[in-house]
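*Asks:* Provided herewith is a single structure, encoded as structure tokens, for subsequent inquiry.
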Amino acid sequence: MTAVRPWSFPASVMPVVVTLSYLFCEGYDICWGFGIWALVNMVLFHCAGNTWSDWSDFRKQVDAGDTYGARTITSGMFSVGEIRRLSIVLLAVSSLCGIVLVFLTGLPLLWIGLAGVACAVLYPPLKYVAAGDMVIMLAFGILPSLGTSYVTVGEVVWGVLWPAVPVSLITVAILHINNLRDISTDSRAGISTFAMKIGWKKSVMVYNFEVIFPFFWVLSCVLGKIFPWWTLLVFLAAFPALLNVRTAIRYRAEGTSAITGLDEGTAKLQMIFSLALSLAFVIAGLLNR
């Protein structure tokens, strides 16, 4: 449990939960069993991705004794081989579960699943060339939303991307604030993240956009009659979002020490935002029945 970083699970759980609640609100006939299966499988892929990333970062010398974040290998808690074997086992189990689900639902899920596996395996090298944010948006936003819609209602519902955008933006913010925190150690390792490319000033601005814009997205969807007005419940998460923004701004004066725990704070924000959005969809769906 330490190695897979359970505090980050909202990033994989919430896209599925939000998608299911959105489909319920829209009146689709949902296969809840396949929905739960998709949720569990998404978490397994997330665990595989976390451990694979840790192994890759250590091998690339991105993670060392003085780096922040995951220290499962650098602290001596686990050996390099243990983390690598754990990652391979998790990837194999999640892939097998996905293949069974393909046989039970249909071939389109295979292509979504293969894209997800590619994201998990290729994330580390893509992160090293400033493409990690794009991969996270795809792996924790677009793909799980489309995949969940297909396995639960029998078709790809493109409308699920409306709620996927704000949720995945906050998820990307978790990675982005990590990369901002690790600029100095990542630079030493010879890699180039998106945060390094744009510098710390613009990185703070990007992070603040990623945690604030989702509220305006939901408001716009309400005004455009895409979402029910109940979804304004997400503004219950506005206070923790503003606290995170204030913390990020402190980077200018205090440096890395100011944001060491902001990745976990952003994960909590994503969970609160997503739960509020899901609850709103469920309430609207119940009232429409």
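The values are calculated or read from the model by the stated rules, or taken from the named source; none is laboratory data. The shown structure was predicted, so the numbers you read here are calculated from the model rather than taken from an experiment. Here the Cβ positions follow ideal geometry from the backbone for every residue, glycine too, while neighbour counts run over all protein chains shown.
*Asks:* Would you be able to tell me the number of residues in the range 144-164 that are touching a Cys at 6+ places or on another chain (Cβ under 9 Å) and at pLDDT 95 or above?
*Replies:* Step one: of the range 144-164, the residues touching a Cys at 6+ places or on another chain (Cβ under 9 Å) are 151-154, 162-163.
Those left that are additionally at pLDDT 95 or above: 151-153, 162-163.
Total satisfying the criteria: 5.
*Asks:* Let me ask something additional. Would you be able to say whether some residue in the range 147-162 is among the small types (Gly, Ala, Ser), surrounded by fewer than 24 Cβ atoms within 10 Å (Cβ to Cβ), out of contact with any Asp or Glu (no Cβ under 8 Å at 6 or more places or on another chain) and more than 30 Å from ALA284 (Cα to Cα)? Give the derivation first.
*Replies:* Taking the range 147-162 first, the residues among the small types (Gly, Ala, Ser) are 147, 149, 154, 159.
Those still in the list that are surrounded by fewer than 24 Cβ atoms within 10 Å (Cβ to Cβ) too: 154, 159.
Going one step further and asking which of them are out of contact with any Asp or Glu (no Cβ under 8 Å at 6 or more places or on another chain), we end up with 154.
Among the residues that remain, those that are also more than 30 Å from ALA284 (Cα to Cα) are: none.
So far as the range 147-162 goes, no, none of its residues is among the small types (Gly, Ala, Ser), surrounded by fewer than 24 Cβ atoms within 10 Å (Cβ to Cβ), out of contact with any Asp or Glu (no Cβ under 8 Å at 6 or more places or on another chain) and more than 30 Å from ALA284 (Cα to Cα).
*Asks:* Let me ask something else about it. What helices (runs of 4 or more DSSP H) completely inside the range 80-168 contain at least 1 residues that are among the polar types (S, T, N, Q)?
*Replies:* On the way: elements: 80-105, 108-127, 132-137, 143-153.
Correct list: 80-105, 143-153.
*Asks:* List the number of the failed condition for ALA267; all other conditions in (1) surrounded by fewer than 17 Cβ atoms within 10 Å (Cβ to Cβ); (2) under 22 Å from the mean Cα position of the chain (by Cα); (3) of a type in the set (Gly, Ala, Ser) hold.
*Replies:* Among (1) surrounded by fewer than 17 Cβ atoms within 10 Å (Cβ to Cβ); (2) under 22 Å from the mean Cα position of the chain (by Cα); (3) of a type in the set (Gly, Ala, Ser), ALA267 violates only (1).
*Asks:* Only residues in the range 77-90 that are among the small types (Gly, Ala, Ser) count as the first member; pair them with residues that are surrounded by 13 or more Cβ atoms within 10 Å (Cβ to Cβ) and assigned to a helix (DSSP H, G or I), Cβ under 6 angstrom, at least 6 apart or cross-chain, and list the lot.
*Replies:* Between residues of the range 77-90 that are among the small types (Gly, Ala, Ser) and residues that are surrounded by 13 or more Cβ atoms within 10 Å (Cβ to Cβ) and assigned to a helix (DSSP H, G or I), the close pairs are SER87/ALA48; SER87/THR51; SER87/TRP52; SER87/TRP55.
*Asks:* Hey, another quick one. May I ask you to list the residues in the range 125-137 that are under 19 Å from PRO214 (Cβ atoms) and surrounded by 17 or more Cβ atoms within 10 Å (Cβ to Cβ)?
*Replies:* Within the range 125-137, the subset under 19 Å from PRO214 (Cβ atoms) is 133-134, 136-137.
Correct list: ASP133, ILE136, MET137.
*Asks:* Another question, if that's okay. Answer yes or no as to whether GLU26 is out of contact with any Pro (no Cβ under 6 Å at 6 or more places or on another chain), of a type in the set (Asp, Glu) and within 24 Å of VAL282 (Cα to Cα). Can you show your working first?
*Replies:* Numbers: out of contact with any Pro (no Cβ under 6 Å at 6 or more places or on another chain): yes; of a type in the set (Asp, Glu): yes; within 24 Å of VAL282 (Cα to Cα): yes.
Judged against the criteria, GLU26 is a match.
*Asks:* Are there any pairs with C-beta distances below 9 angstrom linking a residue in the range 45-62 that is modelled with pLDDT under 80 and polar (S, T, N, Q) to a residue that is surrounded by fewer than 22 Cβ atoms within 10 Å (Cβ to Cβ) and part of a helix (DSSP H, G or I), with the two at least 6 apart or on different chains, and if so which?
*Replies:* GLN61/ARG188
*Asks:* From the list GLY76, GLY69, which one is under 17 Å from THR171 (Cβ atoms) and modelled with pLDDT under 85? Give the derivation first.
*Replies:* Numbers: GLY76 fails: under 17 Å from THR171 (Cβ atoms).
It is GLY69.
*Asks:* Tally the residues that are assigned to a helix (DSSP H, G or I) and surrounded by fewer than 21 Cβ atoms within 10 Å (Cβ to Cβ), restricting the search to the range 248-264. It would help to see each step written out before you state the result.
*Replies:* Just the residues of the range 248-264 that are assigned to a helix (DSSP H, G or I), to begin with: 248-249, 251-259, 262-264.
Within this subset, residues satisfying the condition of being surrounded by fewer than 21 Cβ atoms within 10 Å (Cβ to Cβ) are 249, 252-258, 264.
Total satisfying the criteria: 9.
*Asks:* Here are VAL135, VAL117, VAL102: which of them is in contact with a Cys (Cβ under 6 Å, 6 or more places away or on another chain) and either in contact (Cβ under 8 Å) with a residue 24 or more places away in the chain or β-branched (Val, Ile, Thr) (or both)? Can you show your working first?
*Replies:* Working: VAL117 fails: in contact with a Cys (Cβ under 6 Å, 6 or more places away or on another chain); VAL102 fails: in contact with a Cys (Cβ under 6 Å, 6 or more places away or on another chain).
VAL135 is the lone residue from the list that is in contact with a Cys (Cβ under 6 Å, 6 or more places away or on another chain) and either in contact (Cβ under 8 Å) with a residue 24 or more places away in the chain or β-branched (Val, Ile, Thr) (or both).
*Asks:* Of a type outside the set (Lys, Arg), surrounded by fewer than 22 Cβ atoms within 10 Å (Cβ to Cβ) and under 19 Å from ALA11 (Cα atoms), is that true of LEU114?
*Replies:* Numbers: of a type outside the set (Lys, Arg): yes; surrounded by fewer than 22 Cβ atoms within 10 Å (Cβ to Cβ): yes; under 19 Å from ALA11 (Cα atoms): no.
Considered against the rule, which asks whether it is of a type outside the set (Lys, Arg), surrounded by fewer than 22 Cβ atoms within 10 Å (Cβ to Cβ) and under 19 Å from ALA11 (Cα atoms), LEU114 comes out as no.
*Asks:* Which of the following residues is under 14 Å from the mean Cα position of the chain (by Cα) and either closer than 19 Å to ALA237 by Cα or basic (Lys, Arg) (or both): VAL135, VAL165?
*Replies:* Details: VAL135 fails: either closer than 19 Å to ALA237 by Cα or basic (Lys, Arg) (or both).
Criteria check complete, one pass: VAL165.
*Asks:* Sort through VAL245, VAL234 and tell me the only one that's among the aliphatic types (A, V, I, L, M), within 15 Å of ILE174 (Cβ to Cβ) and part of a helix (DSSP H, G or I).
*Replies:* On the way: VAL234 fails: within 15 Å of ILE174 (Cβ to Cβ).
Selected residue: VAL245, the only one of VAL245, VAL234 that is among the aliphatic types (A, V, I, L, M), within 15 Å of ILE174 (Cβ to Cβ) and part of a helix (DSSP H, G or I).
*Asks:* Which pairs turn up if I take residues in the range 186-200 that are at pLDDT 85 or above and look for partners that are hydrophobic (A, V, I, L, M, F, W, C) and part of a loop (DSSP other than H, G, I, E, B) with beta carbon separation below 8 Å, at least 6 apart in sequence or on another chain?
*Replies:* Going by the 8 Å Cβ cut-off, the qualifying pairs are ILE191/VAL62; SER192/ALA130; THR193/ALA130; PHE194/ALA130; PHE194/ALA131; MET196/ALA130; LYS197/ALA130.
Every residue, every condition in (1) touching a Leu at 6+ places or on another chain (Cβ under 9 Å); (2) modelled with pLDDT of 95 or more; (3) of a type outside the set (Lys, Arg), yes or no:
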{"position": "TRP229", "(1), (2), (3)": "no, yes, yes"}
{"position": "PHE239", "(1), (2), (3)": "no, yes, yes"}
{"position": "LEU243", "(1), (2), (3)": "yes, yes, yes"}
{"position": "ARG250", "(1), (2), (3)": "no, no, no"}
{"position": "GLY265", "(1), (2), (3)": "yes, no, yes"}
